[in-house]
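Accompanying notes for the structure given below.
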Amino acid sequence: MPRAAFLKRIKTFDINEHNHCIDDDDIVRLKVDSCAICGSDIRIFNKGNERLTYPAIIGHEISGIVSESNVDGFKKGDRLSLGADIPCGKCHKCINGTPNLCNDNLAIGYQLQGGFAEYINIDRRVFDFGPVVKIPDELDIEAAALGEPLACAINGVEKLNVKTHSRIMIIGGGPIGIMLGYLCKKLKKAARIDYVEISDYKRDFIKGLNISDNTYNYNDFISKINKYKRSYDYVFTACSVFDTHQLGISLLDNGGSINFFGGLPNPAPSIELITNDLHYKEMTLTGSHGSTPRQHSEAIKMITKDSAFFLSLITDRFPLDNINEAFEIASRGESIKILIKP
Ligand SMILES: [Zn+2]
Ligand SMILES: [Zn+2]
C-alpha cells in the first residue's frame, strides 16, 4: 500500500498508508519523485492554516513520473512538474490572465492532496486549467520540482516591472529571495542587488552564488538604518516577518516600488502608511501571490537553461520517513531547498 505523510496537527507528521486509487475524476496518477519544502509549508507546519483540514497531505513543489493515465497526451513514464494554484478557468480573472487571483482557486497541498506522498492523483481540473508541465528530457527531475517557487518569483518580479540599472533590496535570503535576485540580475540586469538576512548560514550561501553585491546581517543593518533609508528603487520582502514590511517601505527612494512577497501568519497586524509618500514620491506598493500556468512553463524553460544553478539550491534530501526532521531543519533556517523523496 502506498504511503503518505499526514500532518496531524502543528509540528507533527505521521507516515501512514494512503489508499487513494485512480477513479473517474482522477485522470493521471503520478509517482512523486521529489516534493520540495516551501516557506509556506514551514509556516503551515509551525502555525497551521485555515485552508487545511487535518490530517492533511501538504506539499506543492512537485515533480514525478506518470504511473497511470486515462488522458490523451499523457502516458505512463512521462515526467511532470506541477504547480500549486488550480484556478476555475472560467471567471473574468482567469480569462484576463490572472488565474492566480481566481476566487474559486484551489491549491495542491491545501484543499487538494499535496506531494509529501508516494503517489498523487491529478484530476481533470488540474489538467484543464492548472500548471502541469512536461519535463524536458535534458532536465533533471529534482530541479523540475523548483518550477513552482521560480514561477512565483517570476510573478513577483513582473509585479514590480523592474527596470535595468536599478538598486534592489531583497529582505530574506531563502530560496525565494535567491530566485528573485537571480531574475533581477539575469533578466533585468540590475545595477545592484543587496540582501538583508538574519541567518549566518543563508548569508554565507548567498555570498557563494554570484548574484549579490552586499549581504547584510539583519541586526547590523537595522542598527545603521538611517544610512540605508530611501536608497533603493525596488524592495522585495521575501520572508514572513511583519517588521520587514515597514522597514521595506522606508528603504524606497522616489519612484520606488515594493513587493510584499512573503505572506504573514494570520491574524496579520497592520502598518502605518503615509499616503503622501505615494503622492509626492510616486511610490508603488504591490503584493504577489502564487503564480499562473504561463509563469510555471517559463520557469521550467529557465531551469532547463541553467539547471546547475537551480540544482545548487537543493541543500538537503530526506526520505518520507524523516519528514519531521526535515521540517525542523527547515524551520531553523539551516538549509536552502530541502527535497522530500517519497
Ligand atoms: Zn511554494
Ligand atoms: Zn477563475
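Search segment 85-98 for residues that are without any contact (Cβ under 8 Å) to a residue 40 or more places away in the chain and pair each with any residue that is more than 6 Å from ligand 2 (Cβ to nearest atom) when their beta-carbon atoms are under 6 Å apart and the residues are at least 6 apart or on different chains. From segment 85-98, the pairs are LYS93/LEU101. Per the conditions (1) under 16 Å from the mean Cα position of the chain (by Cα); (2) away from ligand 2 (no atom under 15 Å from the Cβ); (3) closer than 20 Å to SER240 by Cβ, the sole criterion not satisfied by GLU50 is (1). Of the residues making up segment 166-194, those that are part of a helix (DSSP H, G or I) and either surrounded by fewer than 22 Cβ atoms within 10 Å (Cβ to Cβ) or out of contact with any strand residue (DSSP E or B) (no Cβ under 7 Å at 6 or more places or on another chain) (or both) are ILE176, ILE178, MET179, TYR182, LEU183, LYS185, LYS186.
Quickly run through segment 18-40 and pick out the residues that are more than 16 Å from ligand 1 (Cβ to nearest atom) and either modelled with pLDDT of 95 or more or within 22 Å of the chain's Cα centre (by Cα) (or both).
Taking segment 18-40 as the starting set, the residues that turn out to be more than 16 Å from ligand 1 (Cβ to nearest atom) are 18-31, 33.
Scanning segment 18-40 gives LEU30, LYS31, ASP33.
All of (1) at pLDDT below 95; (2) within 16 Å of ligand 2 (Cβ to nearest atom); (3) more than 19 Å from GLU148 (Cα to Cα) hold for CYS91 with one exception: (1).
Note on segment 186-212: residues that are closer than 24 Å to GLY83 by Cβ and modelled with pLDDT under 95 amount to 3. If you filter segment 290-314 down to residues that are within 21 Å of ASP204 (Cβ to Cβ) and touching a residue at least 40 places away in the same chain (Cβ under 8 Å), you find that the one that is surrounded by the most Cβ atoms within 10 Å (Cβ to Cβ) is PHE310.
Residues checked against (1) within 22 Å of GLY77 (Cβ to Cβ); (2) assigned by TED's automatic domain parsing to the domain that holds ARG51; (3) outside any helix (DSSP H, G or I):
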| residue | (1), (2), (3) |
| --- | --- |
| ASP104 | no, yes, yes |
| ALA107 | no, yes, yes |
| VAL126 | yes, yes, no |
| ALA145 | yes, yes, no |
| THR164 | no, no, yes |
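Out of the residues in segment 133-161 meeting the condition of being surrounded by fewer than 21 Cβ atoms within 10 Å (Cβ to Cβ) and in contact with a strand residue (DSSP E or B) (Cβ under 8 Å, 6 or more places away or on another chain), tell me which one is modelled with the lowest pLDDT. Of everything passing the filter in segment 133-161, ASN161 is modelled with the lowest pLDDT.
Go through the residues of segment 41-50 one by one and say whether even a single one is within 12 Å of ligand 1 (Cβ to nearest atom), of a type in the set (S, T, N, Q) and touching a residue at least 12 places away in the same chain (Cβ under 8 Å). Within segment 41-50, none of the residues are within 12 Å of ligand 1 (Cβ to nearest atom), of a type in the set (S, T, N, Q) and touching a residue at least 12 places away in the same chain (Cβ under 8 Å). Of everything listed in (1) more than 16 Å from ligand 1 (Cβ to nearest atom); (2) surrounded by fewer than 24 Cβ atoms within 10 Å (Cβ to Cβ); (3) in a strand (DSSP E or B), the single unmet condition for ILE122 is (2). Among the conditions (1) more than 16 Å from ligand 2 (Cβ to nearest atom); (2) surrounded by fewer than 23 Cβ atoms within 10 Å (Cβ to Cβ), the only one that SER63 does not satisfy is (2). All conditions in (1) out of contact with any Phe, Trp or Tyr (no Cβ under 7 Å at 6 or more places or on another chain); (2) in a strand (DSSP E or B) hold for GLY290, with the sole exception of (2).
Would you call ALA5 within 22 Å of LYS337 (Cβ to Cβ), more than 16 Å from ligand 1 (Cβ to nearest atom), at pLDDT 95 or above and in contact with a strand residue (DSSP E or B) (Cβ under 7 Å, 6 or more places away or on another chain)?
Values: within 22 Å of LYS337 (Cβ to Cβ): yes; more than 16 Å from ligand 1 (Cβ to nearest atom): yes; at pLDDT 95 or above: yes; in contact with a strand residue (DSSP E or B) (Cβ under 7 Å, 6 or more places away or on another chain): yes.
Judged against the criteria, ALA5 is a match.
The values are calculated or read from the model by the stated rules, or taken from the named source; none is laboratory data. Computed from a predicted model, the values in this text were never measured in an experiment. Glycine also receives a Cβ, built like all others from the backbone with ideal geometry; neighbour counts cover every protein chain displayed.
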